[in-house]
Structure formats: structure tokens, C-alpha cells
Amino acid sequence: MKISLSNKDKEEFYNLLKTKDSNIDISDILLTAFAYTDFINKEELEQSNEISSIKNMILDNLEVDSEELRESFFEQVDIKKCEANNFYNDYVKLLDKVNFNYGKYSLKKVTYEPYQLFALDDIEVTDDYKEISKVGYFDKPFSYKALFEGKDLWMSLNPNEINTMSTTIESAKGRVLVLGLGMGYITFMLSQKKNISSVTVIERNKENIALFKKHLFPLFPNKAKITIIEDDAINFVKHYFKYDYIFADLWFTPEDGLEYYLKLNDIEKKNNIKIDYWLETSLKQMKRRYLIELIKEQIEGSDESWYQSQKEIEDRIFKRLYLDTKDIVINNIEGIRNLLK
């Protein structure tokens, strides 16, 4: 990137950088709050303003003293009390009937305690790139099914999973390709739709396919629509993309999904196809975080030698974005904003 900014434009860019850093601080606060079952003292909640009380308890528990960060947290965190019935669909009912152990894997129940906080949906992003986080809680215990590898939670069908898949379920039609099997939720829901003729699922984990076929697939009412292929999803979609709808869900979080997302973007462009992605808003915003940091480094004089290491995912992403943008010329803040769009 060749960047030449006026002092005023530099000041505006550093405001974007400050917003990016604040977004990360808020994400870190929420991740810490999600890790505790007793973060909120329900006896001390002000019923007249329950959400504000919850936000203050989070910030006070974590000893957040910065008034600016507290103000941003109140502005950018959308907390909502949830109703259990909103997450009780046909696949949840099916999983209610199932518990199993399969080698090192087991399907069992996990419970949110009353007022335990969790990520409810994908983020929203404002025009000035502030991230609006969607957070939920129940006022009674809420249970959902999760798949464990030994003692470690591997994947789950929690409210976030249900909310973030809803647009895909609504949009998909015709012959559908799904990259990633997971617990079979999206496969089940798509196979239920009358306007979907087939669902082809690409999954490279043999054990996941085997446990799915043994314990879950027999319970599916529309098995004839579904084909499961053992293959690497990125490799498969490079060669077989003649589907009406393609959906990718190969990651646990946007952080570990960004590298996959960039590779799939390349395939989209090369083959003139459209892929929908799980948590796409978060993936795009994660890319913007990297780009903002890259721009800062370019303004401060880093050169190509800074981006040669590829040992870690972060290094590979920075190198990728550096190579993608190295010939771009930016002379003002609008050039930066256009790049971030």
C-alpha cells in the first residue's frame, strides 16, 4: 500500500484505529463475562432497568474504570432477555431424544444458568465500524445439546447457532451444497424445506461422519435428499460448484474462520459463484481489523520483510492482505474508508 495522508486525514484514521481497539476491548469484556455462571447477582437487579443493571455489574466485576470504555460498552452491547420457546424447533426436539457415547465423543446436555450471559447472534456494524454485540440471557435454567470430545466441548446447538443459521435456512433453495457437517442442524433444517431438492454435505472428519450416520441421520425424516461426502471442503468447492446455493460453516469462531473465508473468497471470484458464510458479518469485520492494523503499520513505515513469516495464522493473514493491497495508492481518508467497505 502506498499511503500519503494529510495530518487531518491521519487524525481521522487514528480515530478508526481507536474504534477498532475499543471493539476488541468490548469483545474481551464479553468473553470474560460469558465464562461465568454467577456474574450477575439477580437479587441486586433493579427490575425497572434490568439491562442497565446487568451492564453495570459486568463492568464493575471486571473493574473497568475508563469512563470512555464504559460509555462505549453501554452503546455497543445489546442485551436481551430470551424466551426458551423461541429456540425449540424440530431439530431441538429430535436431539432431546438422543444421548450417546461414540469412542471419545459424547452427546449430552449443557445448561445456561439463570442470568448467565451468552452470545445471542452475529454482530452488527455501524457506518463508522463500531461493533454492536448481541447478548442474551434466560431468567430460568435453559438446556441445549452439545457434542463433547472427551471433556472438551466440541460443538453445540445453542441459541446463537439457531439464530445465526436462520437467514441461511430462509435463503437456500434448489440443489444446496453445505461445507461442514457440524451436528447436522443446518442439514436437517434445509432437508425439511419443500423448495430444496438435495443437500450435499462435505465433511473431512471421518469420526464426525460415522457418529452422525450411526446416531443422528437415522432419525432424519428426509434422508433421501441428503448426501454426505468425505472430502476437504476447500478442495471440493474448487472443482464442483454447480449448485443453486452454497453455504460454508468450517470454523468455530470468526478468528479461526478468517483464513478459510479469504480462500473461499478467491474461489468465488475465480469461478464467478456466490457462497454464503456462517457469521459473515463478523468475518468481514475481522478482516477490517486486520486491514486497519496493516494500514497503521504501513503509515509507520513497515516493509515487505515484516510479512514473510507464515508460522501462525495471524502472520499468514497479514501477509495475504499485504500482498492483496500492496499496489493500492491511498491519498486521503476516503481511500481508506473505501478499502474498508
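Take the conditions under 30 Å from residue 203 (Cβ atoms) and either in a strand (DSSP E or B) or not hydroxyl-bearing (Ser, Thr, Tyr) (or both) and apply them to residue 336. Does it pass?
no
Here are 312, 280: which of them is among the acidic types (Asp, Glu), modelled with pLDDT of 95 or more and more than 12 Å from residue 1 (Cα to Cα)?
Answer to the check: 280.
So which residues in the range 70-109 are hydroxyl-bearing (Ser, Thr, Tyr) and closer than 25 Å to residue 132 by Cβ, if there are any at all?
Initially, the range 70-109 is screened for residues hydroxyl-bearing (Ser, Thr, Tyr), giving 72, 88, 91, 102, 105-106.
Once the filter is applied, which keeps residues that are hydroxyl-bearing (Ser, Thr, Tyr) and closer than 25 Å to residue 132 by Cβ, the range 70-109 yields only 72.
Condition first: touching a Pro at 6+ places or on another chain (Cβ under 9 Å), surrounded by 15 or more Cβ atoms within 10 Å (Cβ to Cβ) and in contact (Cβ under 8 Å) with a residue 40 or more places away in the chain. Can you find one or more residues in the range 95-111 that meet it?
If we filter the range 95-111 for residues that are touching a Pro at 6+ places or on another chain (Cβ under 9 Å), which is where we start, we get 111.
In the following step, the residues that additionally are surrounded by 15 or more Cβ atoms within 10 Å (Cβ to Cβ) were identified as none.
Scanning the range 95-111 turns up no residue that is touching a Pro at 6+ places or on another chain (Cβ under 9 Å), surrounded by 15 or more Cβ atoms within 10 Å (Cβ to Cβ) and in contact (Cβ under 8 Å) with a residue 40 or more places away in the chain.
For residue 306, work out the one condition from (1) closer than 29 Å to residue 26 by Cβ; (2) under 20 Å from the mean Cα position of the chain (by Cα) it doesn't fulfil.
Result: residue 306 fails condition (2) only.
Residues are listed down the side, and each one gets a yes or a no for (1) surrounded by 14 or more Cβ atoms within 10 Å (Cβ to Cβ); (2) among the aliphatic types (A, V, I, L, M):
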site	(1), (2)
12	yes, no
16	yes, yes
33	yes, yes
37	no, no
41	no, no
46	no, no
69	yes, yes
73	yes, no
89	yes, no
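Which pairs do you get when a residue that is farther than 19 Å from residue 27 by Cβ, found in the range 283-303, comes within reach of a residue that is β-branched (Val, Ile, Thr), reach meaning Cβ atoms under 7 angstrom, with the pair 6+ apart or on two chains?
Qualifying pairs under 7 Å: 295/3; 295/336; 298/3; 299/3.
Within the set of pairs 6 or more residues apart or between chains, which connect a residue that is at pLDDT 95 or above inside the range 228-254 to a residue that is surrounded by fewer than 18 Cβ atoms within 10 Å (Cβ to Cβ) and hydroxyl-bearing (Ser, Thr, Tyr) with Cβ atoms less than 8 Å apart?
What qualifies is 245/171.
The values are calculated or read from the model by the stated rules, or taken from the named source; none is laboratory data. Predicted, not measured: the structure shown is a model, and the values here were computed from it. A quick note on method: Cβ atoms are made from the backbone with ideal geometry, for glycine too, and the neighbour counts reach across all protein chains shown.
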